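Please treat every number below as a calculation from the coordinates, not as lab data. None of the values given here were measured: they were computed from a predicted structure. Here the Cβ positions follow ideal geometry from the backbone for every residue, glycine too, while neighbour counts run over all protein chains shown.
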Amino acid sequence: MKKEKINIEGIEIEVEKYDKDDQAAKRRVLAYCFRMIRQESGMNRTDFAKWLGIPYRTMQEWELERRAMPEYVLRLIAYKVYNEKRKKVE
């Protein structure tokens with residue numbers, strides 16, 4: 001399957017291309033992106049949930065593709081992670 005790079009608020013993630021009408025594929029890609037953003041932060045699920053103020057169970061459901069994560073939430077989280085990493089560099 002072909003891959004593409006997507007940029008989510010400054011964080012580059014390589015994902016498999018998918019049909020934009022395929023909701024299951026979109027859910028998989030969002031879950032994968034969320035995992036990659038969390039890993040980029042260097043935190044485990046528990047610490048990441050506390051840091052963001054999101055219930056652990058909600059994050060777990062998103063990562064395991066049991067619930068669909070709103071795309072705007074993914075973008076907000078990516079924005080926060082990206083900017084926190086930039087602060088550490090400066």
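Out of the stretch 10-29, which residues are without any contact (Cβ under 8 Å) to a residue 60 or more places away in the chain, within 15 Å of Y79 (Cα to Cα) and surrounded by 15 or more Cβ atoms within 10 Å (Cβ to Cβ)?
Residues of the stretch 10-29 without any contact (Cβ under 8 Å) to a residue 60 or more places away in the chain: 12-29.
With within 15 Å of Y79 (Cα to Cα) added as a condition, the list becomes 12-13.
Within the stretch 10-29, I13 is the sole residue that qualifies.
Say we look at the stretch 59-90 and pick out the residues that are of a type in the set (V, I, T) and surrounded by 13 or more Cβ atoms within 10 Å (Cβ to Cβ); which of these is farthest from I11 (Cα to Cα)?
Residues of the stretch 59-90 that are of a type in the set (V, I, T), as a first pass: 73, 77, 81, 89.
Within this subset, residues satisfying the condition of being surrounded by 13 or more Cβ atoms within 10 Å (Cβ to Cβ) are 73, 77, 81.
On the way: V73: 15, I77: 11, V81: 9 Å.
So the residue we want is V73.
If the Cβ limit is 8 Å and pairs must be 6+ apart or interchain, which residue in the stretch 78-90 that is closer than 19 Å to C33 by Cβ pairs with which residue that is of a type in the set (D, E)?
A78/E9; Y79/E9; V81/E40; Y82/E9; K85/E40
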